[in-house]
Structures are given as structure tokens and as C-alpha cells.
Amino acid sequence: MRSLAKRLGSAATAVYWHINTKDELIRLAGDAIWYEIGQPDLDATGWRTAATIQATGMHAMLTRHPWLGQAFDSHLMHGPGQARHDDLSLAIYENAGFTAADADRAAATVFLFVLGSSLGPAAEVSLTRRCH
């Protein structure tokens, strides 16, 4: 909280007027960054292109915010931003003709693949920030 307050040009105690705990801050920030991922128009792009755009966007977001992958280990990370992403993921695979259960499995598989493949680049970003 002190680091955040310093970046905001504020006192650490002032942050607590708006956010009660560090865990709450992590959950709120973790949800907000899901909005960075573009929402392709499924009707205009087709399901394969939409899936590629979404997966690429998620990878870029996770690389920009390396702390999010670590936060998944210790926080319940779900809110409107991630729900928006998840809803489109399901729609993409349902549009491809998957059953609801298979669409859920496909979306989860892509999510976990992208999360796993972003851990290396995210660790590199995190390490570079610490060294500078």
C-alpha cells in the first residue's frame, strides 16, 4: 500500500479510505485489467479469428501484469471484467459448434494454455522491473 500511495503522491493511510485491504486492492486491480483485452466481434471475424484475438490479448495482458499470475494462487480472482472475457470465450466455442460442456472445456483449455505460456515472459518482465 505504501508503494501505491507513493506512486499516487499520497499517504498510505489515505489509500485505506478507498480500499480496505491489500487483498481487496489485488482483487479489484486484477479484475480491472481484464478490460484491456479486446472483445472481437464474433459475427464479423468468425470464431477462429476471435479465439486468436482473445488468446493473444490475454497473453499480452498477463505479460504486462506479471503479478496477476501469482495472484491466482492466493486470491479468488473473478469479477465483471473476467466474466466479460469468460462469456466471450464460451460464445466463441459455442459459435464454432461445440456443445455447452465442450465449449466450457475448450475455453478452460485455452485459458490454462495462455496462462502457462505467459508465466515465462511475465517472470522476465517482473525481474527486469526489479533490476531497474
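Against the longest principal axis of the chain, how steep is helix 47-64, in degrees 0 to 90 to the nearest 10, with axes from Cα atoms?
Value to nearest ten degrees: 20.
Using only the heavy atoms of the protein chains and a 1.4 Å probe, how would Thr21, Thr63 rank by accessible area, largest first?
Details: Thr21 65, Thr63 30 Å².
Of Thr21, Thr63, the descending order of accessible area is Thr21, Thr63.
For the chain, take the longest principal axis of its alpha carbons; what is the angle in degrees between that and the long axis of helix 22-32, to the nearest 10 within 0 to 90?
That works out to roughly 40 degrees.
For the chain, which whole percent of the accessible surface, found with a 1.4 angstrom probe, sits on carbon and sulfur atoms? Present the calculation step by step, with values, prior to reporting the outcome.
Details: 4810 of 8240 Å².
C and S atoms contribute 58 percent here.
For the chain, calculate the relative contact order in percent as a whole number, restricting contacts to Cα pairs under 8 Å that are 6 or more residues apart. Kindly include the intermediate steps, with their values, before the conclusion.
On the way: 109 pairs, mean separation 35.4, N = 132.
Value for the chain: 27 percent.
Relative to the longest principal axis of the chain, what angle (0 to 90°, nearest 10) does the C-alpha long axis of helix 100-131 take?
The two axes meet at around 30 degrees.
Between (1) 1.04; (2) 1.15; (3) 1.08, which entry matches Rg/Rh (Cα atoms, Kirkwood Rh) as derived from the coordinates of this structure?
Label (1) holds the value from this structure.
All other residues with a Cβ under 11 Å from the Cβ of His75 taken together, and with Lys, Arg as +1 and Asp, Glu as -1, what is their net charge? Show your work: numbers first, answer last.
Values: positive: Lys22, Arg27; negative: Asp23, Glu24, Asp31, Asp73.
Combined, the nearby Lys, Arg, Asp and Glu give -2.
The values are calculated or read from the model by the stated rules, or taken from the named source; none is laboratory data. Note that this is a predicted model, so its numbers are computed, not measured. No Cβ is skipped: glycine too gets one built from the backbone with ideal geometry, and neighbour counts run over all protein chains shown. Just so you know, the surface numbers come from the protein's heavy atoms only, side chains and all, with ligands and any DNA or RNA stripped out. Shrake-Rupley method; radii C 1.70, N 1.55, O 1.52, S 1.80 Å.
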